[in-house]
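K.L.:
The following block contains the structure, expressed as structure tokens.
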Amino acid sequence: MTAVSKSPFAALDVDRHDGLGLVLSAAMPLAVFVIANGLGQFNNVLPLFFSPLGLPGWAGAVLHLGCLPLFGVARWMVAGRGAAGQRAGWWIVALMAGTIGFPFVVAPLQPLALSMVAFALLILGLGAMIRVGQVDPKAAMVMAPGMAWMGFSAFVGLSFAAAWSPPFAVTNSQTA
């Protein structure tokens, strides 16, 4: 007879390399966002999502939150690839934390500060994508749609901020 000791939370291991691990890795970042949103609602802090081109606010939220499962899957793909995969996985965890916190942090910011935070998150994401690509190029491609949305967001934000900031604001204010 042998004694087997199993943690009751072993089923929730996101690093397991089977179908359940994949689903958990994709769902866990969304679950953390739901918790963050609940804490934000409790403290009267509403998330602010980027919705360009006349899209409704909920569409921007769907596109922003749609990045999280992609990042989770990419982290799952590299987590079991030795020390380099684990380091790349921590970069993705930092990116997911930034992506989750971004809509709550930027709500009170002015447009230039908001676009600078978006650009900083983009730089973090590109760094994570490079590290992931060194371990597993397919995992980096899984991250690509989310990074494209972040890049578009940062570009549009910086272009709007630049259009209404000095020295360009002088030309914009002459229409009155």
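The values are calculated or read from the model by the stated rules, or taken from the named source; none is laboratory data. Just so we're clear, the structure is a prediction, and the values are computed from it rather than from any experiment. Note that each Cβ is placed from the backbone with ideal geometry, even for glycine, and that neighbours are counted across all protein chains shown. All accessible areas refer to the heavy atoms of the entire protein, side chains included, with ligands and DNA or RNA removed. Shrake-Rupley method; radii C 1.70, N 1.55, O 1.52, S 1.80 Å.
K.L.:
Residues with amide H under 5 Å of LEU48's amide H, sequence separation 5 or more or different chain, H placed in the peptide plane at 1.01 Å from N; which?
P.N.:
Those qualifying (amide H under 5 Å, at least 5 residues apart or on another chain) are PHE104, ALA107.
K.L.:
Given a Förster distance of 22 Å, report the FRET efficiency between ALA144 and TRP58 from their Cβ-Cβ distance, rounded to the nearest 0.05.
P.N.:
0.40
K.L.:
Then there's this: For region 36-127, what does the accessible surface come to per residue with a 1.4 Å probe? Please give it in Å².
P.N.:
Working: 4740 Å² over 92 residues.
Spelled out: the 1.4 Å probe surface of region 36-127, per residue, equals 52 Å².
K.L.:
With a 10 Å radius around each residue's Cβ, average the other Cβ atoms per peptide and rank 107-113, 142-148, highest first.
P.N.:
Those peptides, ordered most packed to least, come out 142-148, 107-113.
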